[in-house]
Amino acid sequence: MLLYDAVIFDLDGTLTDSAPGIFACAEYALNKMGLPVPPEATLRRFLGPPLAESYMKYCGMTEKQATYATDLYRERYIPIGWKENKVYPRIRALLNALKERGVYLAVATGKPEHTSIDILRYFDLLQYFDAVAGPTPQDLHADKGALIRRVLPASKRAVMVGDTAGDVKGAYDAGIASIAALYGYGVNEEVLAAKPTHAVETTGDLCDLLCPEMEKPRGFFVTLEGVDGCGKSTQAAALKERLEQFGYPVRRTREPGGCPIAEEIRKIVLAKEDGGMCAETEALLFAAARAQHVKDTILPAIARGEIVLCDRFVDSSLVYQGMARGLGLDWVKEINRAAFREGAPDATLWLQMPHEKAMARRMAVSQPDRIEQAGDSFHAQTEAGFEELARQYPERFIPVNADQSAEEVTEEAFQKLFQRMRERGVL
Ligand code: TYD
């Protein structure tokens, strides 16, 4: 049986790491008012309590000045600041596991209620909560105890999870147990002095306390493929950032390469001077690098529950060596069978773009490598090759239109990948 059947969470510093956005907006307001910005240790105290209160307490403002500072803060927070936020690792999986087990879930936060709802919706967390309470225009100064009581169901074994002494005191006020989230922003001595029922150092400890039977995190192996110059590297970096914001640990890697031995092979296989390397050697070197990469980097990361984002994988060998170099798909599959007996990709983001346009973009950046120097008909074959593989593996390939702005490509790729991960139960 679970220890608690109703869990009420604080938002900032408990479910999400909102510090970067909050610091930036607090500074923005102070700069606009021509006032000095306090050191980070003081700014950290802004995380949790009502803003105006912090401006008065830590920046010596009058009530009127503090109200003005709050308006300025919102000027930046509403368009940008609220998205400069990160879901803590494993929180999504914890909420899902508790919900599946019929636990009542709510949020009680010092952040305005509508902003809190927007944040939870943006990070796809709102679906887990039965209720959300935060200050409203009618009730701007609600204290934590009152907010907790607003969402507290009757006759439940309830607990409040929060990172500040205010959360623990609010729980006492509402007559329920509390868990101090020491990974958040609260000053730990203060939180512990408020005598919480439990204290946890990490979100992993929080999972163990609230739902010891929940599954360990599952890794997911994602590859990025497409013709030369389609923008994979830019997208891999942007996707990593986006996935991390959503609470996923990400390991970014690439082929050929991704571990010391495979990076050495990369130098040989992509050397700019053409030393007369035959197609078979090329294919075997890619497969050799892959065997090492899978063992040294990919499988360990998946075992740790990480999302692996790999720039090119076996589909590149099938297309470049199997089709464009004419070695045949069967032979390339055969030599790669040994390279990854385990470790087949779970999903492949296929960045679709006409090869001429992609190559022109590629040439504008730097000198082409040995393979990129191959002629136009070779690159036309690679474009057709990826189309063919997408037809063969529709359950794995996720087509993404790469012929739009980088931000639009990231958005499309992220939404499609996130959808696929949810379908596969990767939380
Ligand atoms: P890539 O990393 O995309 O190049 P860059 O970092 O310069 O953009 O890939 C290097 C080249 O290697 C690319 O032309 C595709 C080719 N390649 C193959 O031919 N077969 C393979 O198995 C792999 C992984 C890459």
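The values are calculated or read from the model by the stated rules, or taken from the named source; none is laboratory data. Because the structure is predicted, anything quoted here is derived from the model rather than measured. Please note: Cβ atoms are built from the backbone with ideal geometry, for glycine as well, and neighbour counts cover all protein chains shown. Ligands, DNA and RNA are stripped out before the accessible areas are found, and what is left, the full protein with its side chains, is counted by its heavy atoms. Shrake-Rupley method; radii C 1.70, N 1.55, O 1.52, S 1.80 Å.
Key figures for this structure:
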quantity: Rg [Å, one decimal], Dmax [Å, integer] - the chain, C-alpha atoms; calculated: 25.8, 78
quantity: Cα long-axis angle, helix 406-423 against the chain (0 to 90 degrees, to the nearest 10); calculated: 80
quantity: The stretch 137-207 and the stretch 75-112: distance between their alpha carbon centers, rounded to Å; calculated: 15
quantity: Carbon/sulfur fraction of accessible area - the stretch 99-225, other protein chains in place, 1.4 Å, %; calculated: 52
quantity: Contact order normalised by residue count of the chain, Cα under 8 Å, 6+ apart, percent; calculated: 16
quantity: Accessible area of Cys59 in the full protein assembly, 1.4 Å probe (Å², nearest 10); calculated: 40
quantity: Long-range tail of P(r) for the stretch 271-359 (Cα pairs > 20 Å, %); calculated: 43
quantity: Sites Asp296 and Lys83 - FRET efficiency at Förster radius 30 Å, r taken between beta-carbons, to 0.05; calculated: 0.25
quantity: Top positive-direction residue, dipole computed over the chain with Cβ charges, set Val159, Gln415, Gly184; calculated: Val159
quantity: Fluctuation leader among Met33, Met214, Met160 - the chain, Gaussian network, Cα springs under 10 angstrom; calculated: Met33
quantity: Within the stretch 149-191, backbone nitrogen closer than 13 Å to the virtual label 7 Å beyond the Cα of Leu3 toward Cβ; calculated: 158-162, 177-182
quantity: Share, in percent, of DSSP beta bridges within the stretch 114-205 that are antiparallel, nearest 5; calculated: 10
quantity: Stokes-Einstein D in µm²/s, Kirkwood radius over Cα pairs - the stretch 220-423 at 37 °C with 0.692 mPa s viscosity; calculated: 192
quantity: Rg(Cα) / (2.2 N^0.38 Å) computed for the stretch 178-320, rounded to two decimals; calculated: 1.48
quantity: Inter-site label distance for His198 and Met277 at 7 Å from Cα along Cβ, in nm; calculated: 5.4
quantity: Value of relative contact order over the stretch 282-427, rounded to a whole percent, pairs C-alpha under 8 Å and six or more apart; calculated: 26
quantity: q = 0.09, 0.11, 0.12, 0.17 Å⁻¹, the stretch 1-149: log10 I(q)/I(0) [Debye, one scatterer per Cα]; calculated: -0.30, -0.44, -0.52, -0.97
quantity: Centroid-to-centroid separation of the stretch 395-420 and the stretch 303-317 [C-alpha atoms, Å]; calculated: 16
quantity: Accessible carbon and sulfur surface of the stretch 19-83 relative to its total accessible area, %, 1.4 Å; calculated: 56
quantity: The stretch 327-384 versus the stretch 220-289: alpha-carbon centroid distance in Å; calculated: 10
quantity: Average accessible area per residue (Å²) across the stretch 299-359 - probe 1.4 Å, nucleic acids and ligands excluded; calculated: 38
